[in-house]
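For reference, the structure discussed in these notes is given below.
Computed from the coordinates by the stated procedures, all read-outs in this text should not be read as laboratory data. All figures in this text were calculated on a predicted structure; none of them were measured in a lab. Glycine gets a Cβ as well: all are built from the backbone with ideal geometry, and neighbour counts include every protein chain shown.
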Amino acid sequence: MDKEDLFKPYIQDDLALLPPCIGDFISPSDPVRLVSTIVDKLDISNILKDYKGGGTTSYH
């Protein structure tokens, strides 16, 4: 099984009915955007190589 198949898709710019984009609720200067960028760049390869998964897919 491919490691990408272990997780539910995480799409920050996913469209919703209202608002058109969930990111519209978050100011461009909000600190959460910096946190998101840092978390997206974390190297979690050591965790993923030992992660077995199981049951339903997990959130990344």
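Brief remarks follow.
- Counting only lysines at least 8 places from K8 when in the same chain, those with an alpha carbon closer than 17 Å to its own are K52.
- Once backbone amide H atoms are built at 1.01 Å from N, F7 has S58 as its partners under 5 Å, excluding neighbours fewer than 5 places away on the same chain.
- Hypothetical label at F7: residues of segment 21-36 whose amide nitrogen lies under 15 Å (7 Å Cα-Cβ projection): 36
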